[in-house]
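What follows is a set of notes on a single structure, which appears directly below.
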Amino acid sequence: MVIKIALIAIAGALGTLGRFGLSEAAKAIVGAPNPWGTVAANMLGCFLFGTIFALGEARTWLSPETRMIILAGFMGAFTTFSTWMFESTAFIQHKQYLLAAGNVMGQTAIGFAFMWLGLKAGQYLA
């Protein structure tokens, strides 16, 4: 178990560095702070998450432990957006359309609300 946790932590560090690298590349290319690094991480993360999950389901060379290390460690640090989209897509695959819509719209709306509340709390505490 200690080795598994260490591998998840290492994969998480690599995911963090990957996300940081994309953000820095976006700043270097576009200039000034911009959302393109985040957009790139989120979209690439969705693609990689889907690919890795599907390969894990279809091929025996990617063990469940390896898949977990990659998805929870690397992808978890690279982007949580990919996990959010994967969960929303799973609802659609199971024909749970209202749950999918509620997950996407609910987390978006609540995320905005909590961001606003956090900003206000930080301003109040400052």
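Points to keep in mind about this one:
- Calculated on the alpha-carbon coordinates, the convex hull of the chain measures out at 154 cubic angstrom per residue.
- Residues LEU71, LEU44, LEU98, sorted so that the one with the fewest Cβ neighbours within 10 Å comes first: LEU98, LEU44, LEU71
- Karplus (6.51, -1.76, 1.60) ³J(HN,Hα), θ = phi - 60°, over the range 40-52, in Hz, Gly and Pro reported as x: 4, 5, 5, 6, 4, x, 4, 4, 5, 4, x, 5, 5
- Ordering SER63, SER82 from the fewest to the most neighbouring beta carbons within 10 Å gives SER63, SER82.
- Gaussian network model of the chain, Cα within-10 Å springs - most flexible of ALA101, ALA40, ALA58: ALA58
- Computed lengthening from ALA54 to ALA113, 0.36 nm per intervening residue step minus Cα-Cα distance: 17.8 nm
- Sum of side-chain charges, GLN93 neighbourhood, beta-carbon under 14 Å (Lys, Arg +1; Asp, Glu -1): -1
- Exposure proxy shown here: for TRP84, TRP36, TRP116, the number of other Cβ atoms within 10 Å sets the order, fewest to most, as TRP116, TRP36, TRP84.
- For the chain, modelled as a GNM whose springs connect Cα atoms under 10 angstrom apart, the maximal fluctuation among THR60, THR83, THR38 occurs at THR60.
- Largest GNM mean-square fluctuation across ILE92, ILE110, ILE69, computed for the chain with C-alpha springs under 10 Å, falls on ILE110.
Every read-out reported here was derived from the displayed coordinates using simple, explicitly stated rules and does not represent laboratory data. Owing to the predicted nature of the structure, the values given are computational and were not obtained by experimental measurement. So basically every Cβ, Gly included, is an ideal-geometry build from the backbone, and we count neighbours across all protein chains shown.
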